[in-house]
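Visitor: I am attaching a structure below and will ask some questions about it afterwards.
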Amino acid sequence: MKVISKKSLINKRLNQFLKVLTKKMGCIENGFFGEYTHRYERVLINIRRLFMRLQGQLIVSCQALPHEPLHSDYIMARMAVAVEEGGAKGIRANSVIDIKAIKEAVDLPVIGIIKRDYEDADVFITATMKEIDELMTVKPEIIALDATSSTRPNGQTLDDFYHEIRAKYPEQLLMADCSTVEEMIHADKLGFDFIGSTLVGYTKQSKGDKIEENDFEILRTVLERIKHPLIAEGNIDTPEKVKRVLELGAYSVVVGSAITRPQLITKKFVDAIQQGEKD
């Protein structure tokens, strides 16, 4: 049986990814990169550079909501510096003010989001064009948005929202935050540049699902059926899980609370002590 090296697999996925992007951008293919319009030449070069920077690497989510003790753009920027020193190759961040501070503090690609609640919707991650427009003022390398089947503001469909973004910002890279296999496959067909397992277990339709069940069956199923890179995210909370999802073929992996929310990390230790006392 022929053994494919990790480097060969990476190059193969990169070639496939660039071909998809080239077609998406209305370019004329001719060989590997192909002949493409001058308008998109710089975009494709930047995408290739970004892809190679994040392939097989750790992205750390540096977020603290208003009710949390570390809520501060200054603290999130210092957190980004700390995780960069630890070897992280990308940052996921929430809000314009945090992203701006982080970009000034570190030279790492940023996945940008804005969390905002809407009364008529379950979706809250970059839910409307208002959030997209705000994020574009700080130009994160990737914008992530809720791509689940959950209700959206004003009854808008995900398909309509996606096409609205593409019409206004055709060169912006987009990540789909999904919660089920079906949602990830749909996002891939729509044309999202990155597919994320971010919301597995966090939506009504994925209640009770656990990303790690049956050796990450959800991820393994999706990887067989999508063309765009899969970013593993959502309860990937140990080094062992990080290693495994990358072995299975995830493009990269996002870890958040297990690294950047000390109140939750502390609680695990306290819970262990209390459990020991009961035993």
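Values quoted throughout were computed directly from the atomic coordinates according to the rules given, and no laboratory measurement underlies them. From a predicted model like this one, the values you see are computed outputs, not experimental measurements. So basically every Cβ, Gly included, is an ideal-geometry build from the backbone, and we count neighbours across all protein chains shown.
Visitor: If you rank 118, 251, 162 by fewest surrounding Cβ atoms within 10 Å, what's the result?
Guide: Details: 118 14, 251 24, 162 18.
Ranking 118, 251, 162 by Cβ neighbours within 10 Å, fewest first, gives 118, 162, 251.
Visitor: Next question, about the same structure. Report the antiparallel proportion of the DSSP beta bridges in segment 57-278 as a percent, rounded to a multiple of 5. Walk me through the intermediate numbers first.
Guide: On the way: 1 of 27 bridges.
Around 5 percent of the beta bridges assigned by DSSP in segment 57-278 are antiparallel ones.
Visitor: Run the numbers for residue 247 and residue 171: contour at 0.36 nm per residue of separation, minus the present Cα-Cα distance, in nm. Could you put the intermediate results ahead of the total?
Guide: On the way: separation 76, 0.36 × 76 = 27.36 nm, distance 3.03 nm.
24.3 nm is the gain from fully extending residue 247 to residue 171.
Visitor: Still on this model: Quickly work out the residue 53-to-residue 217 label distance, labels modelled 7 Å from Cα along the C-beta direction, and quote it in nm with one decimal.
Guide: It is 3.8 nm.
Visitor: OK, next. Which length gain, in nm to one decimal place, applies between residue 129 and residue 115 when the Cα-Cα distance is subtracted from 0.36 nm times their residue separation? It would help to have the intermediate numbers written out before the result.
Guide: On the way: separation 14, 0.36 × 14 = 5.04 nm, distance 1.28 nm.
Between residue 129 and residue 115, full extension yields 3.8 nm more.
Visitor: OK, next. Cut-off is 10 Å between beta-carbons; in what order do 152, 78 appear when sorted fewest neighbours first? Write out the running numbers ahead of the final one.
Guide: Numbers: 152 20, 78 16.
Going from sparsest to densest Cβ surroundings: 78, 152.
Visitor: To continue, here is another question. On full extension of the chain, what length is gained from residue 278 through residue 159, given 0.36 nm per residue of separation minus the C-alpha to C-alpha distance?
Guide: On the way: separation 119, 0.36 × 119 = 42.84 nm, distance 5.15 nm.
Here the segment from residue 278 to residue 159 would lengthen by 37.7 nm.
Visitor: For residue 185 and residue 78, what is the calculated FRET efficiency with R₀ set at 41 Å and r taken between the beta-carbons, to the nearest 0.05? Don't skip to the end; give the middle numbers.
Guide: Details: r = 39 Å, r/R0 = 0.95.
Working from the Cβ atoms, E equals 0.60.
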